[in-house]
Every structure is written in structure tokens, then in C-alpha cells.
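Colleague: Next up is a structure, given as C-alpha cells.
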Amino acid sequence: MTSVALAFSGGLDTTVCVPILKEEYGYDEVIGVNVDVGQPTDEFDEAEETAEALGLDLHVVDAKAEFADLCFDAVKANATYQGYPLGTALARPVIAEAILEVAEEQGCDAIAHGCTGKGNDQLRFEAVWRGSDLEVIAPVRELGLTREWEIEYAAEKDLPVEAGDGGVWSIDENIWSRAVEGGKLENPNYEPPEDIYEWTAEPEGETTIEVTFEEGVPVAVDGEEMDPVPLIQHLNEYAGGYGIGRTDVMEDRMLGLKVRENYEHPAATVLLTAHGALEDLVLTKNERSFKKGIEHEWSEKAYQGLTFAPVVDALNAFIDETQDVVTGTATVKVSGGNCRVVARDSEYAVYSEEMASFNTEDVAGIAQSDATGVAKYHGLQERLANDVSAGVRKPEIATDGGATNDDSA
């Protein structure tokens with residue numbers, strides 16, 4: 001008997017895949033796998049109800065802790081993509097690994113997903129799965145299925161499913177971010193209604209939030225120590241109440257398509273802002289400058305779902321080396337939907353209040369007058385270049401296309 005493990009959410013795409021994998025691909029058994037990275041409870045209830053109605057054997061894997069650890073790696077890397085914190089992208093390799101483990105434990109012959117051929121997730125899932133010996137199947141992509149066709153097919157087969165949020169929005173939620181797309185949001189000129197947001201309120205009021213880090217990892221909020229998952233969940237609720245963490249972005253996908261996405265990410269916004277501020281205090285100029293390139297590369301690989309790549313191990317080695325001193329606190333003020341740093345403190349600060357003070361005459365035995373020579377040399381090459389440029393006579397071009405010099409012989 002042949003079997004296939006299916007990434008199963010209970011939504012339209014994955015639900016129609018169940019009979020299709022049997023009818024079109026010939027598999028005797030479909031095993032559903034649902035991975036918990038912080039989705040709403042009702043999504044699991046719906047998945048279980050749908051699986052029961054389909055007669056589908058459903059495995060639910062709790063991967064929130066593993067996902068939170070990866071999110072904190074993203075904090076250490078100050079990881080964002082085109083201006084927003086990575087959420088869905090970070091979750092996909094974690095989900096893919098969990099599904100693969102179940103597929104191998106159950107002795108499956110193949111592994112499948114319900115992603116389309118236009119999005120990023122197909123690549124993120126398959127980058128993990130194609131390292132195994134299992135056949136990879138993508139029915140929606142391979143059969144060219146459309147949302148309209150799936151709805152008609154589901155009705156014809158009397159499948160227990162609805163098209164997402166009443167068929168209006170496509171929503172992906174985990175503990176790090178909530179992504180909303182589809183429907184009228186596909187028009188870049190359409191202003192999103194307030195009801196697309198669930199994590200963030202209309203910006204009003206203000207408060208301060210102090211985040212404590214140990215070697216780059218958030219460990220406490222306002223002095224209260226928390227494990228990673230509850231810390232993230234607490235900040236999502238607390239900072240979200242002040243309207244923190246909304247992003248409306250035109251996103252460039254891996255396949256070249258440009259799409260409009262709306263994100264909510266209160267905890268990620270607070271933690272990334274606070275972490276960056278603490279790094280500014282404890283890292284040297286050269287470390288900060290070089291790390292920008294490392295962060296960009298880490299973010300690109302994370303967006304592509306390649307956090308398991310050898311190059312990411314190398315990037316993490318550098319990042320972890322810099323995080324040895326990223327221990328201390330950073331305080332952010334959240335108000336009007338904005339999150340900004342208002343204080344930071346660390347015993348590893350590369351900073352001296354005495355040296356920086358305008359009331360201090362000398363700095364570590366260096367007199368102010370010692371800077372005169374530096375000031376004379378500063379910009380010397382640029383001044384020389386400007387002098388040379390000014391001394392070079394450029395030929396004038398006549399308006400009739402002829403030369404202006406008089407050699408009419």
C-alpha cells in the first residue's frame with residue numbers, strides 16, 4: 001500500500017489535495033500533518049474537524065519552541081526583508097522539517113503540499129524535502145489548479161471546507177507575524193479596512209517597554225523573565241495594543257512576481273528595535289558596519305527558506321561571536337503606532353560618558369588640539385580632486401555640431 005504525507009491545514013488547497021492525491025496520483029493512503037508554530041486554536045479545530053470528515057489520519061506536531069528559537073536567531077541577525085520582519089518565511093523550514101520527520105516515521109513513499117506555482121512556499125518546503133529520498137508532489141502546481149476550480153471541485157465532492165476567511169482574505173499566522181493578502185488587497189491602490197487587523201489596535205496611548213538581553217537573546221520584559229514562546233506572545237498582545245507592528249509592503253517574491261502584503265508583527269518590531277539599539281551601544285563601528293552585510297545575506301537566505309544552508313552556519317558563527325557582548329537592557333517607547341528607543345544600558349558598552357562630554361577637555365590623555373592635524377588632512381584628497389577638475393579646460397561643443405576652435409583653413 002502506497003502512502004503520502006500531506007502538509008494539511010484544513011484550508012481549501014490542502015483539503016482538495018486529499019482526494020486528488022488518491023484519484024489523480026494513485027496513492028492508497030494520505031496522511032495529514034499539521035505543524036503548530038502559533039496559529040490560532042480555531043485553525044487546529046477546523047483542521048481536525050475537516051480531517052475527521054475526510055477520514056484523514058491527522059498528525060499534529062508542536063514546533064513552537066523550535067520556531068521561537070529560530071525567531072531569536074533572526075533577532076540576533078536583525079533580520080528583515082524589504083522593511084518587514086520575516087515571519088512566514090522563517091516558519092516554513094521548521095514546518096517542512098516536522099512534516100518530513102512524520103513522513104519518514106510513518107514509512108511514506110512521498111510527501112506533498114498544496115502550494116501554488118506562483119508563491120514562495122513551494123520553494124521553501126521543497127528545499128527541505130528534496131534532501132530526502134521521498135517523492136515530492138505539488139498537485140495545485142502540477143495540475144494548474146485555480147482557486148475557482150478548487151471551490152467548484154470541493155462543492156462537487158461535498159468537501160467540508162471554506163475558502164479561507166469567508167473567501168475574502170488569505171491569512172497566514174504564527175507567533176512571529178500575521179500575514180494578510182488576497183481579495184481587494186491585490187490592488188496596490190486599495191486602502192485596507194481596519195478589520196483585516198487582529199493583533200494591532202488603532203494607535204493610541206503610549207508606554208515604555210524594557211527588554212533584557214543575554215548574549216543577544218531576549219530573556220525578560222520589564223524585569224520579568226520569560227521563556228521564548230510566552231515572551232513573544234506577551235509582546236504581541238501588549239505592544240499590539242498600542243498599534244505597533246503594521247507593515248503594508250509591495251514585496252518581491254523569489255519567482256519575480258511583485259505582490260502586495262500586509263503584516264502584523266508587534267513582538268518582532270519591539271525586539272528588533274531594542275536589540276539593534278543595544279548592539280549600537282556595545283559593538284564597535286567596524287563590527288556594526290561589517291555586520292550589516294552579514295544581516296542582509298542572512299535575511300535573504302531566511303526569506304528563501306534556506307536557514308539550513310552551510311553559508312547560514314558560517315553567518316551564524318560571525319553573528320554569535322558579536323553577540324557575546326550584547327547583554328543588557330534597551331527601553332523602547334511605543335506610541336501612535338511607532339516604536340523608538342529611549343534608553344539602553346550594558347556593562348559592555350563601548351562608550352564613556354566622560355569622554356563624550358563637552359565639559360571634558362581631554363580624552364584618554366589626548367588633547368583637543370591634537371585633532372588639528374587630523375582636521376587638516378581630512379578631505380585633502382577631495383580638495384585636490386576638485387582643484388584638478390577646475391583646472392582642466394573642457395572643450396565647448398557648438399550647437400550646430402561643429403567644433404568651436406578656429407581652424408577654418
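The values are calculated or read from the model by the stated rules, or taken from the named source; none is laboratory data. Keep in mind that this is a model prediction, so the values were computed, not measured. FYI the Cβ positions are ideal-geometry reconstructions off the backbone, even for glycines, and counts take in every protein chain you see. All accessible areas refer to the heavy atoms of the entire protein, side chains included, with ligands and DNA or RNA removed. Shrake-Rupley method; radii C 1.70, N 1.55, O 1.52, S 1.80 Å.
Colleague: What does the accessible area of Asp387 come to, in Å² to the nearest 10, when a probe of 1.4 Å is used?
Modeller: Solvent-accessible area, nearest 10 Å²: 110 Å².
Colleague: Rolling a 1.4 Å sphere over the protein heavy atoms, what is the accessible area per residue of region 1-151, to the nearest Å²? Please report the intermediate quantities before stating the final value.
Modeller: Values: 5920 Å² over 151 residues.
In whole numbers, region 1-151 has 39 Å² accessible per residue.
Colleague: Towards the positive end of the charge dipole of the chain, with charges on Cβ (+1 Lys, Arg; -1 Asp, Glu), say which of Tyr25, His265, Ala330 has the farthest Cα.
Modeller: With unit charges placed on the Cβ atoms, the residue in question is Ala330.
Colleague: Can you work out the FRET efficiency for the pair Met226 and Ser335, with r the C-beta to C-beta distance and R0 = 30 Å, to the nearest 0.05?
Modeller: 0.80
Colleague: Indicate the gyration tensor shape class of region 236-310 (rounded, prolate or oblate), computed on the Cα atoms with a ≥ b ≥ c the square roots of the eigenvalues: a/c under 1.5 is rounded; otherwise a/b larger than b/c is prolate and the rest oblate.
Modeller: It is oblate, given that a/c is not under 1.5 and a/b is not larger than b/c.
Colleague: Ordering Glu186, Glu173 from largest to smallest accessible area (1.4 angstrom probe), what's the sequence?
Modeller: Most to least solvent-accessible, the answer reads Glu186, Glu173.
Colleague: Check cross-link reach from Lys118 to the aspartates and glutamates: straight Cα distance under 18 Å, and skip same-chain residues fewer than eight apart.
Modeller: Asp13, Glu126, Glu142, Glu148, Glu150, Asp172, Glu181, Glu186, Glu251, Asp252, Glu261
Colleague: With every protein chain present, what accessible area does Asp158 have (1.4 Å probe, heavy atoms only), rounded to the nearest 10 Å²?
Modeller: The accessible area comes out at roughly 130 Å².
Colleague: Over region 266-325, average the accessible area per residue using a 1.4 Å probe and give it in Å², no decimals.
Modeller: On a per-residue basis, region 266-325 sits at 42 Å².
Colleague: What's the Cα-based Rg to Rh of region 130-286, Rh via Kirkwood? All intermediate terms of the calculation are to be shown ahead of the outcome.
Modeller: On the way: Rg = 20.3 Å, Rh = 18.9 Å.
For region 130-286, the value is 1.07.
Colleague: Compute the separation of the alpha-carbon centres of region 49-103 and region 162-238 and state it in Å as a whole number.
Modeller: Computed from Cα coordinates, the inter-centre distance equals 16 Å.
Colleague: Further question: Scan the chain and report its longest stretch carrying no trypsin sites (Lys or Arg not before Pro) that are both in a DSSP loop and have at most 16 other Cβ atoms within 10 Å.
Modeller: 254-392
Colleague: Could you tell me which of the pairs Lys258/Lys301; Lys76/Lys301; Lys64/Lys184; Lys22/Lys157; Lys258/Lys292; Lys258/Lys333 are separated by over 22 angstrom between their Cα atoms in the structure shown?
Modeller: Exceeds cut-off: Lys64/Lys184; Lys258/Lys292; Lys258/Lys333.
Colleague: What is the Cα coordinate range of the chain on the first, second and third principal axes, sorted by size from largest, in whole angstrom?
Modeller: If we take the Cα atoms of the chain, the spans are 83, 80, 45 Å.
Colleague: Can you return the aspartates and glutamates within cross-link range of Lys291? Criterion is Cα-Cα under 16 Å, with same-chain partners fewer than 8 residues away left out.
Modeller: Asp73, Glu215, Glu279, Asp280, Glu300, Asp313, Asp320, Glu321, Asp324
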